[in-house]
Amino acid sequence: MANEAKPCPCDIGDTIEYEGLGEEVQIEHIKAYVVKPQASEKAIIVIQDIYGWQLPNTRYMADMLSANGYIAICPDFFVGKEAWRPSDDWSTFQQWLDDKKPTDIKKEVDVVLRYLKEQCGAKHIGVVGFCWGGVATHYIALQYQEIKAGVSVYGIVREREDRFDLKSPTLFIFAENDAVIPLDQVTTLETRLKEKCTADYQVKIFPNQTHGFVHRKREDINPDDKPYIEEARNDMINWLKKYM
């Protein structure tokens, strides 16, 4: 979800019944969910969607990344402010979003990077984000040379003039039938990246999928979605392995 008053069609009813394998910790002024393999110098910052850092779906993805050998951390980038709820009035969404812009997270990113380096021994750090977090991931790829790889899942930075000059290799994953991100915006992103981006990147659109498909357990609802979900998750892992 970018910083626009558009409803996010992620179906919270797809939420995985999942408690998570990690633990919650306090890192300076923010809380975070952390899950660690036995030994790793590689870490992934996992960035939430509008439903917040405690959403089981997002923690499931963090655990999946940890199972692939990464320290995975999902910080509360809303810094204690209430996450969006499916029962909230969508007419108030822009008001809710105004103080939770995904491009206004530098202070929190710096805290998390410091924690990963000093407390976890991470030497190679990447970022994966979904929806709101996809926008945040794109933003981080523009700002942080030290980030080794990013995977932005259904998110586009729209408000910045420098939004195509990526500093780190970034994979962009989109859904063909996304009501939040029309395909013409994806086309524009890819065209501008070809013109201005010197870092490696890939833009991939998954057919017949809707916003939220990668971190939702949609295969329980429609088995036809399962191959696309698995492909997108494999693409994510392979991109991180390639650059980290």
Need pairs with beta-carbon distance below 7 Å; first residue within 17 Å of Ala141 (Cα to Cα) and within segment 178-195, second part of a loop (DSSP other than H, G, I, E, B) and of a type outside the set (Gly, Ala, Ser); sequence gap 6+ or separate chains.
Leu189/Ile156; Arg192/Phe164; Leu193/Phe164
For segment 70-93, name all the residues that are within 30 Å of Lys42 (Cα to Cα) and open to solvent by 30 Å² or more (accessible area, probe 1.4 Å).
Val79, Gly80, Lys81
Given Ala149, Ala179, which one is open to solvent by 60 Å² or more (accessible area, probe 1.4 Å) and small (Gly, Ala, Ser)?
Ala179
Name the residues in segment 15-56 that are among the hydrophobic types (A, V, I, L, M, F, W, C), modelled with pLDDT of 95 or more and over 17 Å from the mean Cα position of the chain (by Cα), would you?
Val25, Ile27, Ile30
Considering each residue of segment 32-50, count those that are open to solvent by 40 Å² or more (accessible area, probe 1.4 Å), touching a strand residue (DSSP E or B) at 6+ places or on another chain (Cβ under 7 Å) and either under 22 Å from Lys106 (Cβ atoms) or in a loop (DSSP other than H, G, I, E, B) (or both), and give that number.
2
Only one of these is more than 16 Å from Ala149 (Cβ to Cβ), among the aromatic types (Phe, Trp, Tyr), open to solvent by less than 10 Å² (accessible area, probe 1.4 Å) and touching a strand residue (DSSP E or B) at 6+ places or on another chain (Cβ under 9 Å): Trp53, Trp132. Name it.
Trp132
What pairs come out if I take residues in segment 107-120 that are in contact (Cβ under 8 Å) with a residue 12 or more places away in the chain and over 13 Å from Val25 (Cα atoms) and pair them with residues that are open to solvent by less than 10 Å² (accessible area, probe 1.4 Å) and in a helix (DSSP H, G or I) whose C-beta lies under 9 Å away, six or more apart or interchain?
Val109/Ala136; Val109/Ile140
Residue hits (segment 94-116; touching a Lys or Arg at 6+ places or on another chain (Cβ under 8 Å) and either open to solvent by less than 40 Å² (accessible area, probe 1.4 Å) or modelled with pLDDT of 95 or more (or both)) are Lys100, Thr103
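The values are calculated or read from the model by the stated rules, or taken from the named source; none is laboratory data. What you see is a predicted model; the values in this text were computed from it and never measured. Every residue, glycine among them, receives a Cβ derived from its backbone with ideal geometry; neighbour counts consider all protein chains shown. Side chains are part of the model used for accessible areas, which takes the heavy atoms of the whole protein and leaves out ligands, DNA and RNA. Shrake-Rupley method; radii C 1.70, N 1.55, O 1.52, S 1.80 Å.
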